[in-house]
Amino acid sequence: MPTALTALTIHELTERYRRGDVKPSDVADAYLSRIERLDGDVGAYLAVTHDRARAAARAADERYRAGRPLGPLDGAPVSIKDVFCTRGVPTTCGSKILEGFVPPYDATVVARLEAAGAVMLGKTNMDEFAMGSSTEHSAYKLTRNPWDLSRVPGGSSGGSAAAVAGELGLAALGTDTGGSIRQPGAFCGVVGLKPTYGRVSRYGVIAFASSLDHPGPLTRDVRDCALVLRAIAGVDPHDATSVDEPVPDYAALLDQGVRGLRLGVPREYFAEGLDPEIERAVRAAIERLRDLGATLEDVSLPTTDYGLAVYYIVAPAEASSNLARYDGVKYGLRAPGGKDLIDMESRTRAAGFGAEVKRRIMLGTYALSAGYYDAYYGRAQKVRTLVKRDFEAAFARVDLLLAPTTPSVAFKHGEKEDPLAMYLNDVYTVGGDLAGLPAISVRCGFSSNGLPIGLQIIGRPFDEARVLRTAYSYEQATDWLARRPELA
Amino acid sequence: MTIFQTVIGLEVHAQLLTRSKMFCGCATTFGAAPNTQTCPVCQGMPGVLPVVNRRAIEFAVRTALAFDCRINAACRFARKHYYYPDMPKNFQISQYEEPLAEEGHLDIELADGTPRTIGIQRLHLEEDVGKLVHEGTLETAQASLVDFNRAGMPLMETVSKPDIRSPEEASAYLRAFRAVLVYLGVCDGNMEEGSLRCDANVSIRPRGTAELGTKVEIKNLNSFRNVQRALEYEVKRQADALSRGERIVQETRLWDADRGHTRSMRSKEYAHDYRYFPEPDLTPLALDARWIDEIRASLPELPRARRRRFVSQYQLPAYDADQLTQSRALAEYFEAAVTAGASPKATANWTMSELLREIAADDEDAIRRSPVSPANLAGLLRLMDEGTISGKIAKDVFGKMVQTGDTAQAIVEREGLTQVADAGAIRAIVDDVIARNPKAVADFKNGNAKAAGALVGQVMKATQGKANPALANQLVQEKLTKM
Amino acid sequence: MITRQDVEHVARLARLHLSDDEKERMRVQLDAILAYIDKLTALDIEGVEPTSHAVPLLNVMRDDEPAPSMPQGDALANAPDRAGEFFRVPRIIED
Ligand SMILES: [Mg+2]
Ligand SMILES: [Zn+2]
C-alpha cells in the first residue's frame, strides 16, 4: 500500500517533488482535504488559508517543473500558531480582544518560511496570548490530542502540535515562553524545539513575556526540525534582541553521532511528582544514548525548584505591560456602552480577556506596582541569575542535559482547574526559558494508556546543532516514530 | 511680612532633528496629514519591536557633553506605564534609573550681566506620544480624535536642578538652553511647533530656610514669555496662599496663557504608579569611549564661549556679542562678513538692525539662506567706507539687495547711486541752495548755527542723497563764512 | 496577604473592570500564587545582579534611515471607531 502523502516528512516529500513523483499542489490539497475532514474533531486550526496555500503551492509546482526549487522547504506545508502576525490574515492570538484584527505585516519568521517556499495552510489554535499548558484557554475552541481526543494537546502551542501529530499539518511554528513548544510536543509525540533566546526573531510574534518568548518549530522528525530551524534562524534588524551568530546547516551536521559527548542527568529533574512511567522511559532513553557512545554524568541544578516561582513573576509582569496596548482604541475589540474613555477601556479589557489572562495581568501589575517591585520582579530577576548560573556550572562539565519534558503525560480536558496545578506542568521546561537555552523534546516511548512521552535535551547557548544531532541519533536508534495516532 | 525665596526646576523636552523616529523608520517631517506617518511599530501593533536610532543617541551624547554632564558607562531604556489614548502601547519607552547622562550644568547670564550656574540633574531619551484633538474642549468634548504621526518621535528630556531662583532666571535658562541645542544642531528649538516643551517645578520657602517647600508642577509653558508669566503668576499664588496661612498642595497645574493663570489638573496619586521596569525588547547601551571622544571633538563652539570671543577678538560691546550669538546662524553670518573684510562694529550694527529687520533672529534657516549674503553685506559696507555711497543710500541699497539678491556694486551702478564727491559739482549746488534760501542765511548770520544744517540738508536733497555729506557740510560752511 | 483593596487598586491600574465575584476569586487565587512565589525569599540574593536577558547583548542600534510609513488606509484599517483621518475615542475624563 502506498504511503499517504500526509504521512511523509518534509525531506521525504521534497525528494519526491524533485523527482517529479508528486507536486506541491497535490500535497497542499491532500492536507486541505484532510483538515476539512478531520479538523472538526481535533480543532487544531483557527483559520485555514486555502487560497494563500493553493497559490503558494502552484508557485512551488512551477519552480520544481522548471528545476529551480528554492531549497529544502519549497512546497512544504506549514501551520502557523496564531501568535504570529500574518499580513492580510486575521491574527487573534487566541483572544477575543483581537477579534477581527488583520495585521498589515508578516512576522519575520513567517516571511522567511514563505521566502523559502513553504506553503501556509492556516493559523493554529493556542492558549490565549500563549498563557497556558493545555490550549483550553483559547477564546475560540477546544483542541484535542490526536492520540486521545478526550485529552489536551498541551499548550500553549497546542494547535500546532496537534496539527503535526494528526497529519493535519506537516510542520508548524510555535512559541515557547515557559515550555509552550516542548510540552505540547511531548503531549502530542512530535519534535518540538525551543531555540536559544535571540536565535530566532521575535518580530511579529505577539508578545507574551518579551524576555522569555522563543519562536521555534514543531515537526514530525528531527531532520525536518533542522530544516525548519535553518530557514527561520538568524539575526533580524527588526529585533534588537536577535543575535548575529552564524546559522549552521543543521541538517548536514545530524550524522555526526554522539560518541564522546558528555551528557548530564540533573537529579532535580527526576524528583517527586514525576510520573514513574515517564521516569522509566526517559531513563531508558538515556541508557540508549550511552549505548550509542555518549558518557553520562550526574549533575545538579539546585535552583530548579525555584524556576516556576521566578517564571510566575517575570512572565506576568512583562505580560501586564505587553498587553496594556489592547484598549479598544487602535484595533480589535471595543466593548459597547462605555460612558467615557476609561469605562470603555476597562469594559473592553474585561470582555476581551479570558480568566487566565486577567489573572496574569493582575499578578504582573501587582508585582511591578509601587512598593512591590523589589520584593517581586527585582528579586525574581536576581534568582533568575542563580538559575542561569546553575546551568553554566553544569555545562562546564557536560555538553548536554537530558531530562523528561513533562512530569505527566497528556491530561484530560478540565482536569486541571486550579491555576497552580496547571503551572506545575512547566516545572522541567521553565529553566530552559529563564536561561534562554536551546532545548528539544523528542518522543521516547508511550505510557501504558498509549500516550507519548517526551525526552528533553538541553544544550549550551547557540548549540542547537549538538542538541539536534543527539536527538537525531536517538531517533535513528529507536522506532518510536512508527506508531501513529488513529484519527477516524 | 515673610520674604519668600523662589525655587524652580525646569524639565525641557526637546524633539531631536533625526530623520527617522526614535524606534522605527517613520519620517519625522512636521505637518503631514493625520496618521500618514505611522508604521506597525509606532502604532504599537501586536508583535512589533523597537530598535534604537543611533543618531538620537549621538545627539543626546552631544548635548550631554555640551552641558558637561557625566555620560553614564551603562544606560538603559525602561517602560513607563500609564493609560492615555495618544500613547499606542499604553507605556512610554523612556529611561529611568539608568539615564544616559547626569550631573551637568548650564552657565547663564541675567539681563544685568550677573552670571549664574544652573545644575543639570539628568538627561535622557524617550519617545513622544501622538496628538489628541478634542471635539470641543477637553472638558466638554464627547469624543476625542487621535493622530499617531508624532508617536515615537525622539525626545530628549533634560531636568535641571532646583537652582533657578526667579521667573526671569527661568526664562534666561530656557533661552540659553535653546541656544545650545540649536548650536549643536540637535533640535530646531521651535517652541510653537512643539519642538521644545517646558514644564516647571515651583516651590517657595521663607528666605533663610534650607528645607524645600511643597512643589507644584506647571505644564504647558510653550514660549519664553509664557515661562516667565506663568512662573510669576504661580510664585505670587503660592506666596498669597502661604500668607493667608494656607498650605500648598502638591499637584500638577496647567498654564492657561489666554486667561493668564494656572489651574489644577485633577489627578489622583495612584495615577502616578508608573511601574517602571527595564525595556526587555532593547539591549542596554554601554557607549564606546572612542565614539564619545569623536563626538566631543566635533562639538561646535558654544554660545557662551563665542560671545566671550566676540568681545575679545572683535572688540564688540557685550550687548552686541550677546545679540549676535543668540543664534548660531547669525553668529556665523557675522563672522563670515567680517572675514570678507568688513569692520566688526559696522557689521554688528548692520546685522542687528538691517538684517534682523528682514529675518527673525531665531530662524536659523532663513538666516543661512539670506538673500544678502555675508560677502555682499561686506561689499556694501566697503562702498560706504570708500565714500562711494552715503549711509542713507546704503540703507536703500540694502533693501534692494534683499529684494534682488544682487551685490551692492551692481545695484549702485545700475541705479547711478554713486556718491558725488566732486567739490566743483557740489559747490554749484551749494551756491544755488544759498541763493534760494536767504532766510536761512540771515538766521546763520544772526548766530543760529543750526541754520547751516538745514542748508546742508537741502544740498543732500537736491543731490538725492548722493552728495558726500562731509564735503557738502564743509562747502556750506565755507560759503557762509565768506558771505 | 492580598486585600480586596489591593485587588481593586491593581484592577484600576490595569484598566480591568471586575465584577464582585471576580474580585473575590482573584483575591483568593493571587494570594495562593503569591504564597507559592514567597519561596523565593529563602534564597540569598545578596550582591546578585538581575538577569533581564538570558543572552546578554549590548548597543544594538539602527542607522537613522527613514523607511516608508503605512498608507493612511492601512493605518486606520483596524480602528474600532474612526472619524475621517483619525482614530476616535469616547470622551476623556481624568481619573
Ligand atoms: Mg519624560
Ligand atoms: Zn513608525
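Laboratory data are not the source of any read-out in this text; all were calculated from the coordinates shown. The shown structure was predicted, so the numbers you read here are calculated from the model rather than taken from an experiment. Using ideal geometry, Cβ is built from the backbone for each residue, glycine included, and neighbour counts are taken over all protein chains shown.
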Discussion item. Just to confirm the number: angle between the C-alpha axis of helix B:374-385 and the first principal axis of chain B, 0 to 90 degrees, nearest 10?
Written reply: 30 degrees
Discussion item. Taking 41 Å as R0, compute the FRET efficiency from the Cβ-Cβ separation of B:Gln464 and B:Gln313 and round it to 0.05.
Written reply: 0.55
Worksheet item: Using r as the Cβ-Cβ distance of B:His261 and B:Lys450, and R0 as 56 Å, what FRET efficiency do you calculate, to the nearest 0.05?
Response: 0.55
Discussion item. Can you pull out the trypsin sites (Lys or Arg not before Pro) in region B:333-430 whose DSSP state is coil and whose Cβ has at most 13 other Cβ atoms within 10 Å?
Written reply: B:Arg369
Worksheet item: FRET efficiency for A:Ser33 and C:Asp81, Cβ-Cβ distance as r, R0 = 30 Å, nearest 0.05?
Response: 0.15
Worksheet, complete the sentence: Using alpha-carbon positions, the gyration tensor of region B:1-129 gives root eigenvalues a ≥ b ≥ c; with a/c under 1.5 called rounded, otherwise prolate if a/b exceeds b/c, else oblate, the class is prolate
Worksheet item: Expressed as a rounded percentage, what relative contact order does region B:4-293 have, with Cα pairs under 8 Å and six or more residues apart?
Response: 24 percent
Worksheet item: What percent antiparallel are the DSSP beta bridges of region A:34-175, to the nearest 5?
Response: 40 percent
Fill in: Radius 15 Å from Cβ of A:Ala284, net charge of other residues (Lys, Arg +1; Asp, Glu -1)
-2
Discussion item. To the nearest 20 Debye, how big is the dipole of region B:89-197 about its Cα centre, given +1 on the beta carbon of each Lys and Arg and -1 on that of each Asp and Glu?
Written reply: 40 debye
Discussion item. Could you work out the pair-distance distribution P(r) of chain B from its alpha-carbon pairs, with 20 angstrom bin width and percents rounded to whole numbers?
Written reply: 19, 41, 25, 13, 2
Worksheet entry | Overall dimensions of region A:143-191 as given by Cα atoms, namely Rg and Dmax in Å | 9.1, 26
Discussion item. Sorted from largest to smallest, which semi-axis lengths in Å does the alpha carbon gyration tensor of region A:304-385 give for its equivalent ellipsoid, taking the root of 5 times each eigenvalue?
Written reply: 30, 12, 9
Discussion item. For the pairs A:Lys81/B:Lys21; A:Lys141/A:Lys412; A:Lys358/B:Lys89, flag any whose C-alpha to C-alpha distance is greater than 27 Å.
Written reply: A:Lys81/B:Lys21
Discussion item. Restricting things to Cα coordinates, could you compute the convex hull volume per residue of region B:301-415 in Å³?
Written reply: 90 Å³
Worksheet item: So for B:Leu242, B:Leu417, C:Leu58, fewest C-beta neighbours within 10 Å to most, what's the order?
Response: C:Leu58, B:Leu242, B:Leu417
Item to complete: Could you point to the residue in B:Cys75, B:Ala33, A:Val222 farthest towards the positive end of the protein assembly as shown's charge dipole, with +1 and -1 charges on the Cβ of Lys/Arg and Asp/Glu respectively?
Response: B:Ala33
Worksheet item: Just the Cα atoms of region A:166-283: what Rg and Dmax do they give in Å?
Response: 15.9, 46
Worksheet, complete the sentence: Semi-axes a, b, c in Å (a largest) for the protein assembly as shown, each sqrt of 5 times a Cα gyration tensor eigenvalue, come to 72, 33, 26
Fill in: Relative contact order (percent, whole number), chain A, Cα cutoff 8 Å, 6+ residue spacing
17 percent
Worksheet item: Considering every Cα-Cα pair within region A:362-488, what fraction, in whole percent, is farther apart than 21 Å?
Response: 56 percent
Discussion item. Can you compute the modelled spin-label distance between A:Ala7 and A:Ala271, with each label point 7 Å from Cα toward Cβ, in nm?
Written reply: 4.4 nm
Discussion item. What whole-number distance in Å separates the alpha-carbon centres of region A:262-340 and region B:217-264?
Written reply: 54 Å
Worksheet item: Counting other C-beta atoms within 10 Å, which of A:Val222, A:Val398 has the fewest, and how do the rest follow?
Response: A:Val398, A:Val222
Worksheet item: Between the helical axis of C:4-13 and the dominant principal axis of chain C, each derived from Cα atoms, what acute angle in degrees is found, rounded to the nearest 10?
Response: 20 degrees
Fill in: Under Karplus coefficients 6.51, -1.76 and 1.60, residue-wise ³J(HN,Hα) of region B:279-293 in Hz, glycine/proline x
5, x, 8, 10, 8, x, 10, 10, 6, 5, 4, 5, 5, 4, 4
Response to the item:
Over chain B, the sum of -39500 (n - 2.57) across DSSP H runs of at least four, divided by residue number and rounded to 500 deg cm²/dmol, gives at 222 nm -12000 deg cm²/dmol
Practice prompt. Just subtract the alpha-carbon distance of A:Ser300 and A:Ser150 from 0.36 nm times their residue separation and send over the number in nm, one decimal.
Written response: 50.3 nm
Discussion item. How would B:Trp350, A:Trp480, A:Trp147, B:Trp291 line up from fewest to most surrounding beta-carbon atoms within 10 angstrom?
Written reply: B:Trp291, A:Trp480, B:Trp350, A:Trp147
Worksheet, complete the sentence: Checked against a 25 Å limit on the C-alpha separation, the offending pairs among A:Lys330/B:Lys80; A:Lys339/B:Lys80; B:Lys80/C:Lys39; A:Lys123/A:Lys330; A:Lys330/B:Lys131; B:Lys131/C:Lys23 are A:Lys339/B:Lys80; B:Lys80/C:Lys39; B:Lys131/C:Lys23
Worksheet item: Using the Cα atoms as the points, what is the convex hull volume per residue of chain A in Å³?
Response: 139 Å³
Worksheet item: Within a Cβ distance under 10 Å of B:Ala451, other residues only, what is the Lys/Arg minus Asp/Glu net charge?
Response: +2
Fill in: 222 nm mean residue ellipticity, helices alone, for chain A (DSSP H n ≥ 4; -39,500 (n - 2.57); rounded to 500)
-11500 deg cm²/dmol
Worksheet item: Whole number please: convex hull volume per residue of the Cα set in region B:423-482, in Å³?
Response: 67 Å³
Worksheet, complete the sentence: Cβ-Cβ cut-off under 9 Å around A:Pro248, Lys and Arg +1, Asp and Glu -1: the net charge is -1
Worksheet item: Using +1 on the beta carbon of Lys and Arg, -1 on that of Asp and Glu, and nothing else charged, what's the dipole of the protein assembly as shown about the Cα centre, debye to 20?
Response: 2000 debye
Worksheet item: When all C-alpha to C-alpha distances in region A:251-377 are sorted into bins of 5 Å, what percent of pairs does each bin hold, rounded to whole numbers?
Response: 2, 9, 11, 12, 10, 9, 9, 8, 9, 9, 6, 3, 2, 0
Worksheet entry | Calculated log₁₀ intensity ratio I(q)/I(0) where the Debye formula runs over C-alpha points of chain C, q = 0.12, 0.13, 0.20, 0.23 Å⁻¹ | -0.90, -0.95, -1.01, -1.15
Worksheet item: What base-10 log of the normalised intensity I(q)/I(0) is obtained for region B:1-44 from the Debye formula, alpha carbons as equal point scatterers, at q = 0.20, 0.21, 0.23, 0.27 Å⁻¹?
Response: -0.75, -0.80, -0.89, -1.04
Discussion item. Under 5 Å between amide hydrogens, which residues at least 5 positions from B:Gln5 or on another chain qualify, with H placed 1.01 Å from N in the peptide plane?
Written reply: B:Arg205, B:Arg207
